[in-house]
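Just below is one structure, and these are the notes that go with it.
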Amino acid sequence: MFENTWWGTMTRDQRWPVVRVPAQDIDCSGPWLLWPHKNDAVCRSLAHVGQLSPVLVDASGPRPLLVDGAARVAWLSEQGQDVYGLNIGSCSAQDKAMLYIHANIHRLSLDADKVRALRFFAQHDASHIDAVMQVLGLVPHSRPAKQALAWLALPAHWDTYLAGGALPLVCADILRLWDAHDLQAVEAIFQTLSWSRGLIVQVLTWIHEVHVRDGCDVAQVLARADVMDSVQANLSPKDAMARIAARVRALRYPELTRLEQRATDTARVLAAGTRWRMVQPDQFESDSVELAARVRSPAEVQQAVAELVRMAEHADWAAFWPGKEA
Amino acid sequence: MLPEYLQGIARVAVDAAVSASPMAHRVRERLPQAQWDILADGEHLEPGYVQEAVLYLKQYKGRFVRPCPGTSHYQCCGYQIIHIGENCPLRCSYCILQAYFQDRVLKVWANQDDLWQELERTFTENSRQRFRMGTGEFTDSLVLEPLTGYSRDLVGFLRAYPQVCLELKSKVVDLSWMEAAHDPTRVLPAWSMNAPEISAREEQGQCATLEERLRAARTCAQAGFRVCLHFDPIILFPGWEAGYARTIEMIFDYLTPGDIAYVSLGSFRHMPDLKRHIAQNFPQSSYIYGEFITGLDGKQRLLRPLRVQQFRFLVQGLRQGGLDRQLYFCMESNEVWQAVLGRTPRDFGGLYRYLMDLAFEGSN
């Protein structure tokens, strides 16, 4: 039906006939129904004013196939009512999917939805991927487009992590570089923990960089960082994620972690019992140490100064200047 | 006979304004098989060409002479760049040019008369000033020499300006410019040095081997030139001590300390974006996953104690070979200078002045 039109003007001059069919008769199992979310607002609207816009069906066969309008058909079916639809006639699954995308383009916002659509076309006819990406608002060769295509290289069940918010699309930049064994090894860290977008990207980046740097597989990296211990320990999710992140970072930056730990320990000793806080502000790139104190009166200023004088006599200051050791 | 890395140039694009220039004639003569496209005034080279396929002879309208783009917080050597073109056909994984320019098309500024005028004006207006200049910042100084003869032209032009010392920084061997140099004290041929493993793995695309570079350096030294060596970027990798020790040993197999004007040491550092380019273009280059932190200038730098450790190792080896005064750091902090060399540029009147003195030390 749409053969010569991929996908320029196929529907522009179409005058599809309206059909009225019992909602329960419609086959709603088509794989082109890409984002069939239940929609309470649609249900309330149907209950209040009835069906205002037609669904799309292919009524060329013995049983009408739903092409768009799953939420409306589901609710009307529950009510035992008829559905008004436009009969688009017989066409391929890809054409149906494209019509579905166009009909739902206004509510397309999630990366997971775009990936689901791309995966459908990748499985049915990859030659149309570029055209589909344009309809989805993905500019070919842009970073989001590359990430969406990279995601398709992951096993299909990983789409649920994307849809559930466990992983952002940007992780595809890293995950696409891993083999099935590596992917399987890392799944545990987001199956049970709900990471913030920034932190999971950071943790995966560190894991990947250790994996490449040390020439070991991802499972070995996770084992060296005792990640599974943290996942399985009786910790709150927040503490578990913080511990995993800290351990992976320590593996990625061992010397920096050692210096930070020493600086923290030294600051704790030097400033013990005082109001002073001490930090090394620039990852040991300079010899600077920052000291800060909060005071609320001239008397507290005097006290802070006295504390600082006592601190200055401490022998442990040298530990702050690693560039001068060795 | 052109080197192999230049034989792949299948197309030359040339701005109409410079299509009759001596540079254009020379390139046409040396690349007779290449397609020759003249770009009208205002017409741009269409994007998307791979760097090896196209050479662009351009009418450059910007400033040819500019200071080296040093950053704040670190000690810059203050040398002046003579801008003769952009990009390089060699494939060094760590090359900043991957991230620095929007495309990788080889460009040569073919309006040499404009360059000569600007240089003449600069030297005339500052006739009592000495200049330490070089062309190896935005391209390799010699990599296109068989095609363009640019360095030879420049060396010849600068004969009239004894207040200029020109450094030609390269990873290839082309000594054709030597004939144009009447005073060997005014030209400093320079080669990049690295550990043999880094040179073999990370300097792809027909760079000369370390031995070939050092052999060329010795040829220059025998002809009265002093040479410069640049350990930059120094890279942390498993076995780096043995690698850099071997290179230092090689240096003294070919050169004496007196042959060397100066040696720079620079740890691998980069704009944040370069890491992405390296990971993409050179996926085997795992050194980018070292312990880099954001330096005071916003660039990524190896954690300071690790830099200091490497610098101390190299400096010790170079000192044992008789080099000391000639050693300096490229873009390092006073803390690192003090920790490794026991002095900072302030102790000898500033790095700019110090290197100027070293550059002109061989003057009669």
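The values are calculated or read from the model by the stated rules, or taken from the named source; none is laboratory data. A quick note: this is a predicted structure, and the numbers were derived from the prediction, not measured. Cβ: placed from backbone, ideal geometry, glycine included. Neighbour counts: every protein chain shown.
Of the set (1) outside any loop (DSSP other than H, G, I, E, B); (2) outside the structural domain of A:V115 (by TED's automatic domain parsing), all apply to A:P144 but (2). The listed residues are B:P67, B:P89, and the only one of them that is touching a residue at least 12 places away in the same chain (Cβ under 8 Å), touching a helix residue (DSSP H, G or I) at 6+ places or on another chain (Cβ under 6 Å) and of a type outside the set (K, R) turns out to be B:P89.
Selection of the range B:312-331 for residues being within 21 Å of B:I96 (Cα to Cα) and within 13 Å of another protein chain (Cβ to nearest Cβ) yields only B:M331. Note on the range B:147-178: among residues that are among the charged types (D, E, K, R) and touching a helix residue (DSSP H, G or I) at 6+ places or on another chain (Cβ under 9 Å), the one that is nearest to B:T122 (Cα to Cα) is B:R159.
Residues in the range B:292-306 that are facing chain A (nearest Cβ under 9 Å), in contact (Cβ under 8 Å) with a residue 40 or more places away in the chain and not hydrophobic (A, V, I, L, M, F, W, C): B:G295 only.
Do we find a residue being within 16 Å of B:P89 (Cβ to Cβ) and in contact with a strand residue (DSSP E or B) (Cβ under 7 Å, 6 or more places away or on another chain) anywhere in the range B:155-165? No, the conditions are met nowhere in the range B:155-165. Checked against (1) out of contact with any Pro (no Cβ under 7 Å at 6 or more places or on another chain); (2) at the interface with chain A (Cβ under 9 Å from one of its Cβ atoms); (3) crowded, with 17+ Cβ neighbours inside 10 Å, B:P283 meets all criteria but (3).
B:Y262 meets each of the listed conditions (1) away from every other protein chain (no Cβ under 12 Å); (2) crowded, with 19+ Cβ neighbours inside 10 Å; (3) outside any strand (DSSP E or B) apart from (3). Within the range A:214-226, residues that are in contact (Cβ under 8 Å) with a residue 40 or more places away in the chain reach partners that are surrounded by fewer than 15 Cβ atoms within 10 Å (Cβ to Cβ) with beta carbons closer than 8 Å, at six or more positions or on different chains, in the pairs A:V218/A:H181. Selection of the range B:91-102 for residues being touching a strand residue (DSSP E or B) at 6+ places or on another chain (Cβ under 7 Å) and either of a type in the set (A, V, I, L, M, F, W, C) or under 17 Å from B:Q7 (Cβ atoms) (or both) yields B:R91, B:C92, B:I96, B:F101. Of all residues in the range A:115-128, those that are assigned to a helix (DSSP H, G or I) have Cβ atoms under 7 Å from Cβ atoms of residues that are among the charged types (D, E, K, R), 6 or more apart or on another chain, in A:V115/A:D159; A:R116/A:D159; A:R119/A:D159. Candidates in the range A:269-304 are the residues that are outside any loop (DSSP other than H, G, I, E, B) and small (G, A, S); of these, the one that is farthest from the other protein chains (Cβ to nearest Cβ) is A:A299. Only one entry in A:R247, A:R252 is away from chain B (no Cβ under 14 Å), buried (at least 17 other Cβ atoms within 10 Å of the Cβ) and modelled with pLDDT of 95 or more, namely A:R247. When each of B:R307, B:R301, B:R319 is tested for being at pLDDT 95 or above and touching a Gly at 6+ places or on another chain (Cβ under 7 Å), the lone residue that passes is B:R301.
Having 2 or more residues that are more than 21 Å from the chain's Cα centre (by Cα), β-branched (V, I, T) and closer than 22 Å to A:D173 by Cβ is the bar; report the helices (runs of 4 or more DSSP H) wholly within the range A:194-268 that clear it. Helices (runs of 4 or more DSSP H) meeting the threshold: A:197-214. Is the range A:86-107 home to any residue that is within 30 Å of A:A188 (Cα to Cα), buried (at least 17 other Cβ atoms within 10 Å of the Cβ) and within 24 Å of the chain's Cα centre (by Cα)? No, the range A:86-107 contains no residue that is within 30 Å of A:A188 (Cα to Cα), buried (at least 17 other Cβ atoms within 10 Å of the Cβ) and within 24 Å of the chain's Cα centre (by Cα). Scanning the range B:329-343 for residues that are surrounded by fewer than 19 Cβ atoms within 10 Å (Cβ to Cβ) and in a loop (DSSP other than H, G, I, E, B) turns up B:G342, B:R343. Is there any pair linking a residue in the range B:211-227 that is closer than 17 Å to B:L323 by Cβ to one that is assigned to a helix (DSSP H, G or I) and of a type in the set (G, A, S), with Cβ under 7 Å and at least six apart or on different chains, and which? Correct list of pairs: B:V227/B:A217; B:V227/B:A221. For the range B:228-249, what are the residues that are surrounded by fewer than 17 Cβ atoms within 10 Å (Cβ to Cβ) and closer than 20 Å to B:G322 by Cβ? Correct list: B:A245, B:R246, B:E249.
May I ask you to say which residue of B:W116, B:W36 is part of a strand (DSSP E or B), at pLDDT 90 or above, among the hydrophobic types (A, V, I, L, M, F, W, C) and surrounded by fewer than 19 Cβ atoms within 10 Å (Cβ to Cβ)? Quick ask: steps written out before the conclusion?
Numbers: B:W116 fails: part of a strand (DSSP E or B).
So the residue among B:W116, B:W36 that is part of a strand (DSSP E or B), at pLDDT 90 or above, among the hydrophobic types (A, V, I, L, M, F, W, C) and surrounded by fewer than 19 Cβ atoms within 10 Å (Cβ to Cβ) is B:W36.
When A:S230, A:S196 are checked against the criterion of being surrounded by fewer than 20 Cβ atoms within 10 Å (Cβ to Cβ), among the hydroxyl-bearing types (S, T, Y) and over 30 Å from A:F320 (Cα atoms), a single residue qualifies: A:S196. Checking each residue in the range B:298-309 for being closer than 19 Å to B:Y94 by Cα and surrounded by fewer than 21 Cβ atoms within 10 Å (Cβ to Cβ) picks out B:G298, B:K299, B:Q300, B:L306.
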